[in-house]
Amino acid sequence: MKIKNICCIGAGYVGGPTMAVIAQKCPKINVTVVDINQKRIDAWNDEDVENIPIYEPGLSDVVKEARGRNLFFSTDVDSAIENADMIFISVNTPTKTYGIGKGMAADLKFIELCARQIARVSKNDKIVIEKSTLPVRTAAALKNILDNTGNGVKFQILSNPEFLAEGTAVQDLMNPDRVLIGGDIDTNKGKEAVEALVDIYATWIPKENILTTNVWSSELSKLTANAFLAQRVSSINAMSELCEKTGADVDEVARAVGKDSRIGSKFLKSSVGFGGSCFQKDILNLVYISKTFGLNEVADYWEQVIIMNDHQKRRFAEKIVKTLFNTVSGKKIAILGWAFKKDTNDTRESAAIYVTDYLLNEQAEIVVYDPKVNPEQIYADLDYLSYRSDEENRKAVTIVSSAEEACKDAHAVAVLTEWEEFNVLDWEKIYEDMLKPAFLFDGRRILDRRSKENIGFEFYAIGS
Ligand code: UDX
Ligand code: ADP
């Protein structure tokens with residue numbers, strides 16, 4: 001089966017970069033990325049390729065090469081579905097905020113809407129691919145809708161979870177550790193569909209790195225991978241608190257432990273807590289599924305990863321208040337970094353949101369600087385919490401365009417994203433411009449303690 005036209009529903013952090021790379025690597029395949037968000041599509045089509053809505057190192061070059069040639073962005077979802085042989089579903093699957101499974105289960109309403117639209121519009125057989133992270137057995141629900149509401153058209157459903165990490169998306173897509181494709185491998189039609197997708201990836205990825213499984217294994221592998229990764233961060237963060245009490249240094253512990261080849265050195269960087277759209281959502285989902293099957297011990301085991309992460313964010317904020325003589329009321333605190341990690345403008349579940357919220361409850365005045373996140377997003381993140389009115393957030397939080405400006409006249413500075421530029425700031429000048437004693441809290445362990453203490457800062461880094 002030769003694929004000529006691909007449609008991807010959802011032009012977000014997953015759909016956008018993934019389709020850009022497929023289009024770049026497969027110039028003979030037309031790739032149309034559609035979204036109901038007109039503003040987002042306009043930004044993807046912006047003449048100046050630097051204005052695309054997602055910041056990822058290297059992405060604008062890929063888009064520049066393929067856009068208009070065989071990569072298109074559009075809001076005409078129906079036409080793109082109709083013309084496609086293969087449809088990727090890459091829409092958001094947030095945690096449910098209402099009803100059964102509130103706060104835990106994934107909200108599948110966007111997925112279901114896509115399935116119904118595909119069923120309604122399709123006139124010829126298609127391969128439908130789950131790209132968004134989904135609860136195990138979502139494919140069964142998709143199949144049910146597609147098979148029962150369509151006009152006799154045959155659909156093959158594949159699971160092809162995305163493992164890219166934001167900030168390194170292009171690199172991860174160009175050179176992935178593995179690609180995972182789950183399909184109905186017990187039937188000929190299912191095998192053909194899997195092969196069609198394997199052929200696309202095999203254009204640039206060695207075949208031995210393309211794994212094929214049944215659909216359920218593929219769906220569960222994605223949740224498992226994210227749960228294991230998040231668990232490592234929570235494990236090292238648990239140790240960071242112990243390090244602070246015992247005089248050990250968490251980076252030294254991580255280095256010593258990571259040298260064990262069975263453990264490995266990656267993903268052992270202690271921080272103010274993991275963020276991002278996936279880890280918390282996927283673990284909550286795992287907990288929910290486990291509970292649904294009555295596996296309470298399994299559910300509790302994974303829930304602890306989230307409990308530890310919430311604790312880490314809270315204790316960092318508490319540390320700031322306690323260190324500033326138990327009150328931050330009316331004090332100016334500079335927050336450096338709002339994105340959930342460096343090299344992305346994504347702020348979903350960023351620790352900065354929760355630390356800021358805590359400090360606002362303590363009546364601090366907050367000034368934020370982030371090199372890539374725009375001010376509307378920062379206010380939107382705070383407004384979304386619904387703990388304060390929009391006006392209160394704008395009154396208590398100022399957003400500025402440089403780190404120096406944020407730190408001027410501040411009582412304390414908190415580094416919450418590991419942007420490289422924070423390491424090369426003129427910290428002596430920043431110190432001079434701050435109120436004394438000048439407190440510096442490193443939630444990412446990127447700053448050198450000795451040089452900051454020599455300048456005169458009262459320095460705290462998580463985990464030592
Ligand atoms: C993650 C998975 O890595 C990726 O495979 C999956 O497809 C989506 O979810 P992402 O959330 O984009 O990717 O970024 P990741 O690099 O995993 O970081 C997640 C969070 O953990 C960030 O807040 C990061 O700062 C934090 N983290 C990561 C640490 O605090 N310490 C570490 O050692 C690693
Ligand atoms: P992710 O990180 O999973 O890519 P995003 O929120 O960045 O998530 O992107 C998901 C995109 O899917 C959003 O731009 C949203 O507008 C889009 N979307 C959601 N539902 C639909 C739908 N039914 N049709 C088209 N696009 C949709």
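If you take the residues of region 138-162 that are open to solvent by 50 Å² or more (accessible area, probe 1.4 Å) and of a type outside the set (S, T, N, Q), which of them is nearest to ligand 1 (Cβ to nearest atom)?
Among those that are open to solvent by 50 Å² or more (accessible area, probe 1.4 Å) and of a type outside the set (S, T, N, Q), it is 141.
So which residues in region 322-332 are surrounded by 20 or more Cβ atoms within 10 Å (Cβ to Cβ) and farther than 23 Å from residue 379 by Cβ? Answer for region 322-332, where residues must be surrounded by 20 or more Cβ atoms within 10 Å (Cβ to Cβ) and farther than 23 Å from residue 379 by Cβ: just 324.
Collect the residues in region 399-443 that are part of a loop (DSSP other than H, G, I, E, B), touching a helix residue (DSSP H, G or I) at 6+ places or on another chain (Cβ under 8 Å) and among the basic types (Lys, Arg), keeping them in residue-number order. Let's see the steps before the verdict.
Pass one, region 399-443, residues part of a loop (DSSP other than H, G, I, E, B): 400-402, 408-411, 416-419, 425-426, 434-438, 443.
From what is left, the residues that are touching a helix residue (DSSP H, G or I) at 6+ places or on another chain (Cβ under 8 Å) are 400, 408-409, 416-417, 425-426, 434, 438, 443.
408 - this is the single residue of region 399-443 that is part of a loop (DSSP other than H, G, I, E, B), touching a helix residue (DSSP H, G or I) at 6+ places or on another chain (Cβ under 8 Å) and among the basic types (Lys, Arg).
Of all residues in region 96-106 being closer than 19 Å to residue 283 by Cβ and open to solvent by less than 60 Å² (accessible area, probe 1.4 Å), which is nearest to ligand 1 (Cβ to nearest atom)? This residue is 106.
From the set of residues in region 81-95 that are in a loop (DSSP other than H, G, I, E, B) and touching a strand residue (DSSP E or B) at 6+ places or on another chain (Cβ under 7 Å), which is farthest from ligand 1 (Cβ to nearest atom)? Only one residue tops the list, namely 85. Listed by position, the helices (runs of 4 or more DSSP H) enclosed by region 132-214 that each have at least 3 residues that are touching a strand residue (DSSP E or B) at 6+ places or on another chain (Cβ under 6 Å) are 138-149, 188-201.
If we keep just the residues of region 306-329 that are of a type in the set (A, V, I, L, M, F, W, C) and without any contact (Cβ under 8 Å) to a residue 12 or more places away in the chain, which is farthest from residue 438 (Cα to Cα)? If you could, list the steps in order and put the result at the bottom.
Residues of region 306-329 that are of a type in the set (A, V, I, L, M, F, W, C), as a first pass: 306-308, 316-317, 320-321, 324-325, 328.
If we keep only those that are without any contact (Cβ under 8 Å) to a residue 12 or more places away in the chain as well, we get 307, 325.
Working: 307: 32, 325: 13 Å.
Top of the filtered list is 307.
The test for being farther than 18 Å from residue 160 by Cβ and touching a Pro at 6+ places or on another chain (Cβ under 7 Å) holds for residue 43. Residue pairs whose Cβ atoms lie under 8 Å apart, sitting 6 or more positions apart in sequence or on different chains, and linking a residue in region 356-370 that is without any contact (Cβ under 8 Å) to a residue 24 or more places away in the chain to a partner that is among the small types (Gly, Ala, Ser) and open to solvent by 10 Å² or more (accessible area, probe 1.4 Å), do not occur here.
Take residue 335 and tell me if it is buried (at least 19 other Cβ atoms within 10 Å of the Cβ) and either in contact with an Asp or Glu (Cβ under 9 Å, 6 or more places away or on another chain) or assigned to a helix (DSSP H, G or I) (or both). The answer is yes for residue 335. Quick one: would you say residue 109 is at pLDDT below 95, surrounded by fewer than 14 Cβ atoms within 10 Å (Cβ to Cβ) and within 15 Å of ligand 2 (Cβ to nearest atom)? Here the answer is yes, as residue 109 does meet what is asked. Close contacts from region 213-242, counting a first residue that is under 20 Å from residue 181 (Cα atoms) and hydrophobic (A, V, I, L, M, F, W, C) and a second that is open to solvent by 20 Å² or more (accessible area, probe 1.4 Å) and within 16 Å of ligand 2 (Cβ to nearest atom), with Cβ to Cβ under 7 Å and a gap of 6+ residues or different chains, come to 225/163.
The values are calculated or read from the model by the stated rules, or taken from the named source; none is laboratory data. Computed from a prediction, not measured in an experiment: that's the story for all the values here. When we count neighbours, we look across all protein chains shown, and the Cβ atoms used for this are built from the backbone with ideal geometry, even at glycine. Surface accessibility is based on the protein's heavy atoms, side chains included, excluding ligands, DNA and RNA. Shrake-Rupley method; radii C 1.70, N 1.55, O 1.52, S 1.80 Å.
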